[in-house]
Each structure stands twice: as structure tokens, then as C-alpha cells.
Amino acid sequence: VLALWDLVTGRAPVDAVELLFPAVIGPVLVFFSVRGTVPSLGTGEIRSAEALVRWEHPERGLLPPGIFLPVAEVSGHMVPLGRYVLEQACRQVQVWRRTVPSASALRLAVNVSGRQLMEPDIVDMVQAALERSGLPPQALTLELTETAIVGAHTHVDAALAQVRELGVLLALDDFGTG
């Protein structure tokens, strides 16, 4: 079977059928990498967490983002995937903030792709995820790649300014590598 990845990178870890029919893909899981614990060892406070997405392939197990995100980008699945990750991560971090005393001030970092930034409703998507989860905007950092913002359209500049006006922080990151 010809793999879509062959057309993009010359490798073939994922069959095109699996990507073109999301119901076949299986669950996408959101994991968290806890950050900032070393400076807070005395208090035991958990300061921040980064949302990490992994695809649980039914035969290959957990696949890292470098395997499936480029294909999701090309196949049109990046925006719904990004929306899902943002909503799930905001929801889970807010649960921890409410129920785990050492996580009451927990901050969340979520990667956002260049494709997501091009969406006309990116600001509404961020605001909706915050409102549905109850996570304060100041507790969220959107991590962007340098390539996503260098030479970005005027729409992206305006959208990022609106996201900052919500109180959300922005940071540069190496999205899709970890």
C-alpha cells in the first residue's frame, strides 16, 4: 500500500488509509511533561506542564509527533487535532489546579502549529477552550515555532495580538520534536 508519508518525506510509517479516515486512526492521547519542579523542590509545588500529543496506533503503539504531525498537517487533520489537544489539556490542568493542592497555580503550555494560526477562528478557539475548562487565560502559554510566525500573514499578527489581549502568553518552541 502506498503511504502518504512517502510522498512527503520518503518514509512510510503510516498508511494513507489510516490518515484519510480518522475513525481508523485510533485514539490520540494527551500527555503532560511537568516543568519547573527543580526550583520548587522545597515546596513540592508543580509549576508548569506542557501538553504532549501521542498517537496510539493499534499495531505500532505510541507514535511520537515527528511521525504523525507532518502527515496530519498535509492531510488536513492538524486543526481539529490541535483543537482537541488544547481543549483536553486546558480541561485536565484546570482539574488538577482545583483538586491537587501542590498544583493550584499550575501553568499550561500547548504547542500551536502554523496551520492552526492561519485559521480565522484561532482566537475564538483559544477563548472557548479557556471558558469551557475554567482555566484562567494567565495560566496558558501557547508555544509557536519560529517558522510559524516569521513572514506570517497580517491575520496571524492580529490574531496573536488578540490572544495576548485575552491574557494568554506566547512563547517560541520546537513544536513536534518531543
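The values are calculated or read from the model by the stated rules, or taken from the named source; none is laboratory data. Everything numeric in this text was worked out from a predicted model, so none of it was measured. Cβ coordinates were reconstructed from backbone atoms using ideal geometry, including for glycine residues, and neighbour counts include every protein chain displayed. Side chains included, ligands, DNA and RNA excluded: accessible areas come from the protein's heavy atoms. Shrake-Rupley method; radii C 1.70, N 1.55, O 1.52, S 1.80 Å.
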Exercise. With respect to the numbered conditions (1) touching a Gly at 6+ places or on another chain (Cβ under 8 Å); (2) at pLDDT below 75, which one is the sole condition not fulfilled by Asn111?
Worked result: (2)
Exercise. Touching a helix residue (DSSP H, G or I) at 6+ places or on another chain (Cβ under 7 Å), open to solvent by 20 Å² or more (accessible area, probe 1.4 Å) and at pLDDT 95 or above: does that describe Gly134?
Worked result: yes
Problem set entry | Among the residues listed as Ile46, Ile149, the single one being buried (at least 17 other Cβ atoms within 10 Å of the Cβ) and β-branched (Val, Ile, Thr) | Ile46
Exercise. What number of residues in the range 114-137 are touching a residue at least 24 places away in the same chain (Cβ under 8 Å) and assigned to a loop (DSSP other than H, G, I, E, B)?
Worked result: 6
Seminar exercise, completed: Note on the range 96-124: residues farther than 21 Å from Pro70 by Cα and among the small types (Gly, Ala, Ser) are Ser102, Ala103, Ser104, Ala105
Exercise. For the subset of the range 14-32 comprising residues that are modelled with pLDDT under 55 and assigned to a loop (DSSP other than H, G, I, E, B), which member is least open to solvent (accessible area, probe 1.4 Å)?
Worked result: Val14
Exercise. Hey, any hits in the range 95-102 for a residue that's touching a strand residue (DSSP E or B) at 6+ places or on another chain (Cβ under 8 Å), without any contact (Cβ under 8 Å) to a residue 60 or more places away in the chain and not in a helix (DSSP H, G or I)?
Worked result: no
Exercise. Does Glu143 satisfy the condition of being outside any helix (DSSP H, G or I) and of a type outside the set (A, V, I, L, M, F, W, C)?
Worked result: yes
Seminar exercise, completed: Condition set of a type outside the set (S, T, N, Q) and modelled with pLDDT of 80 or more, scope the range 33-54, selection farthest from the chain's Cα centre (by Cα): answer is Arg47
